[in-house]
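See below for the structure under consideration.
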Amino acid sequence: MSRTIRNITIVLAAALAPSLGLAQDSVDKGKALYAQQCVMCHGSGGRGDGPAAMSLKPKPRDLTGKAYMAGLTDQYLADIVKKGGAGLGKSPLMPSFGAALKEADIRNVVVFLRSLEK
């Protein structure tokens, strides 16, 4: 029986390995895009403490709170990146990136944002 479980474990690990690599690739791509587009306001760690944050009212959202982020769907996060704050009835200071980022880029940013949750 234990040999069967070991074999199943090996097969599952081999099957999942490529998707785990893709997931890390998405995080890395999202992190690079976040660094280009979001760091000034949200900060490098996503805590809403970027260099521009001090002069903004309302302050940028802290994206590291697990309880807050758990209440947001991936679609909502993608929409706010794409449409900006004004597009969703939030702060107009959050710019829209729909013209600058492709759908795949936006998905990668969302994957990176999920990696910030603590």
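Bear in mind that the values in this text are calculations on the coordinates, not laboratory data. Small disclaimer: the values here were computed from a predicted structure and weren't measured. Cβ: placed from backbone, ideal geometry, glycine included. Neighbour counts: every protein chain shown.
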Residue count, segment 37-58 (criterion: surrounded by fewer than 14 Cβ atoms within 10 Å (Cβ to Cβ), in a helix (DSSP H, G or I) and not hydrophobic (A, V, I, L, M, F, W, C)): 1
Residues being of a type in the set (A, V, I, L, M), farther than 21 Å from Q36 by Cβ and under 16 Å from the mean Cα position of the chain (by Cα) - total across segment 49-95: 4
Hits in segment 59-82 (condition: in contact (Cβ under 8 Å) with a residue 24 or more places away in the chain, assigned to a helix (DSSP H, G or I) and surrounded by 12 or more Cβ atoms within 10 Å (Cβ to Cβ)): M69, D74, L77, A78, V81, K82
